[in-house]
Amino acid sequence: MISRLLSLSALVALTSPLLLVTTGYGADDTKDTPSQLPKVGDPAPSFRLPSTTGKDISLEQLKGKTVVLYFYPKDETPGCTKEACDFRDRNAQIEKAGVVVLGVSNDDLKSHAHFREKESIPFTLLSDTDAKVSKLYGVYGTRKYGDKEWTGIQRSTFVIGKDGRIAHVWSPVKVDGHADEVLQFVGAQQPAQQQQQY
């Protein structure tokens with residue numbers, strides 16, 4: 001009996017590190033701010049997600065383009081609506097800089113379609129219902145606000161360069177003025193000759 005218990009303890013000791021690795025959050029995946037955010041210069045984690053275009057969109061399909069990938073908690077909530085509308089109002093300028101905007105949340109495509117129609121959102125929304133991509137980017141975990149606690153996305157934005165690497169990270173995001181910050185950053189990344197064409 002003792003030897004059996006010892007064997008069980010050894011098995012737990014051997015497998016525990018594997019469990020920690022596969023969560024993507026290290027030893028404590030209940031932190032408000034996930035610890036595995038990609039850093040500037042890192043290769044952007046690959047993804048493929050259903051989109052409001054009716055087709056899956058992958059990072060590989062966007063190779064050679066600058067991408068603004070922004071993660072938000074939930075469709076049609078006040079902060080997320082303001083953020084989406086701010087990106088909407090600057091979308092023409094962002095596109096003019098040769099940049100693609102993609103919004104990501106854990107909502108399904110039906111919710112996304114309603115949100116886009118209601119707010120006249122011109123860019124594509126991606127549906128990450130199982131949170132796999134949100135976890136890959138280190139933005140999904142247990143959140144706290146006052147006495148409330150829930151699991152979901154921390155509002156975050158990544159600029160992915162044409163080389164497929166992370167060019168800039170905002171996390172957590174403060175909605176007010178954020179779209180302007182993103183526009184300023186992506187505009188500054190364009191070659192001077194290209195800017196003169198505008």
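Applying the condition of being aromatic (F, W, Y) and in contact (Cβ under 8 Å) with a residue 40 or more places away in the chain to region 118-166 and asking which residue is nearest to F87 (Cα to Cα) yields F158. Name every residue in region 64-89 that is over 21 Å from K132 (Cα atoms) and assigned to a loop (DSSP other than H, G, I, E, B), in order of residue number. Within region 64-89, G64, K65, E76, T77 qualify.
Are any residues in region 92-110 over 25 Å from P38 (Cα atoms) and more than 17 Å from the chain's Cα centre (by Cα), and if so, which ones? A92, Q93, K96, K110, listed by residue number.
The rows are residues; the columns are (1) farther than 17 Å from G79 by Cβ; (2) modelled with pLDDT of 95 or more; (3) surrounded by fewer than 20 Cβ atoms within 10 Å (Cβ to Cβ).
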position: K96; (1), (2), (3): yes, no, yes
position: L125; (1), (2), (3): no, yes, no
position: E149; (1), (2), (3): yes, no, yes
position: K174; (1), (2), (3): no, yes, yes
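Tell me, which strands (runs of 3 or more DSSP E) lie completely within region 128-189 with 1 or more residues that are more than 15 Å from V100 (Cα to Cα) and not hydroxyl-bearing (S, T, Y)? Before you say what the answer is, go through the steps one by one.
On the way: elements: 140-145, 148-153, 156-160, 166-170.
Per the criteria, 140-145, 148-153, 166-170.
The values are calculated or read from the model by the stated rules, or taken from the named source; none is laboratory data. This is a predicted model, so every value here is computed, not measured. Positions of Cβ are generated from backbone atoms using ideal geometry, with glycine treated the same way; all protein chains shown enter the neighbour counts.
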